[in-house]
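The structure under discussion appears below in the form of structure tokens.
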Amino acid sequence: MAHMRQAGIKTCGTVYPALGQLLTEGSQFMVQSSWNRAAPDAHSVLALVGMTYGTAPAAGVVFASPSGNRCDGNLVRVVPFAEDCNAATRRLPQGSSPAANLAGVAVYNLPAAGGQAMLLAAGTGCVALSILRVERTVD
């Protein structure tokens with residue numbers, strides 16, 4: 001958060017790093033952030049993240065944008081698995097529930113924080129996308 005304060009990002013100064021922490025939890029990672037340097041608190045902030053979970057590569061995106069006195073933030077984590085999507089469902093948090101099937105892509109509601117996961121078949125493997133959206137009003 002100190003980095004956000006130094007950059008002049010106030011409205012999304014807590015949402016952006018919180019989403020980044022959720023995205024990278026349990027991983028080793030490198031991040032590339034970008035924002036409007038002329039008016040940092042009036043525009044969006046973006047992070048591209050490369051991660052490693054054990055030996056598995058993963059990627060993520062964190063995006064946060066001020067909107068009046070609130071910040072709208074999103075994260076997407078992409079993790080490929082060598083197993084098929086039926087087996088990958090065992091990796092979802094306990095309490096996850098099927099939500100939709102979008103053109104053959106299974107969507108699950110995750111129990112914590114209102115996020116979702118999408119499981120996309122890729123050859124004999126599966127790519128898991130974790131998605132979380134948050135809104136926070138700034139006092």
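Structural remarks
- Where labels lie 7 Å past Cα in the beta-carbon direction, separation of Arg91 and Asp41 in nm: 4.1
- The mean sequence separation of alpha-carbon pairs under 8 Å and at least six residues apart, normalised by the residue count of region 1-62, gives a relative contact order of 30 percent.
- In region 1-42, the trypsin sites (Lys or Arg not before Pro) that fall in loop regions by DSSP, at most 13 other Cβ within 10 Å: Arg37
- Proportion of all alpha-carbon pairs of the chain beyond 27 Å (%): 27
- For region 82-98, putting each phi into the Karplus relation 6.51 cos²θ - 1.76 cosθ + 1.60 with θ = phi - 60° gives couplings of 6, 7, 6, 5, 4, 5, 5, 4, 5, 7, 5, x, 4, x, 5, 9, x Hz, in residue order, rounded to whole numbers and with x for Gly and Pro.
- For the chain, Cys with no neighbouring Cys Cβ under 4.7 Å: none
- Charge dipole (the chain, unit charges on Cβ, about Cα centre) - positive-most of Phe81, Ala99, Met4: Met4
- For region 40-53, putting each phi into the Karplus relation 6.51 cos²θ - 1.76 cosθ + 1.60 with θ = phi - 60° gives couplings of x, 8, 9, 9, 6, 10, 9, 10, 9, 10, x, 9, 9, 9 Hz, in residue order, rounded to whole numbers and with x for Gly and Pro.
- Full extension of the chain between Tyr53 and Val138 gives 27.3 nm of extra length, using 0.36 nm per residue less the Cα-Cα distance.
- Cα-centre dipole for the chain with unit charges at Cβ (Lys and Arg positive, Asp and Glu negative), debye to 20: 180
- The listed peptides 91-99, 67-75, ordered by packing as a protection proxy, come out as 67-75, 91-99 (highest mean of other Cβ atoms within 10 Å first).
- Averaging 1/r over each pair of different alpha-carbon atoms in region 1-70 and inverting the result gives 12.5 Å, the Kirkwood hydrodynamic radius.
- Compared with the dominant Cα axis of the chain, that is its longest principal axis, helix 15-24 is turned about 30°.
- Percent accessible area from carbon and sulfur atoms, the chain, protein chains only, probe 1.4 Å: 55
- Computed about the Cα centre, the dipole magnitude for region 63-139 is approximately 60 debye when only Lys and Arg (+1) and Asp and Glu (-1) carry charge, each at its Cβ.
- Contact order normalised by residue count of the chain, Cα under 8 Å, 6+ apart, percent: 20
The values are calculated or read from the model by the stated rules, or taken from the named source; none is laboratory data. These figures come from a predicted structure and were not determined experimentally. A quick note on method: Cβ atoms are made from the backbone with ideal geometry, for glycine too, and the neighbour counts reach across all protein chains shown. Note: accessible area is taken over every heavy atom of the protein model, side chains too, but ligands, DNA and RNA are not part of it. Shrake-Rupley method; radii C 1.70, N 1.55, O 1.52, S 1.80 Å.
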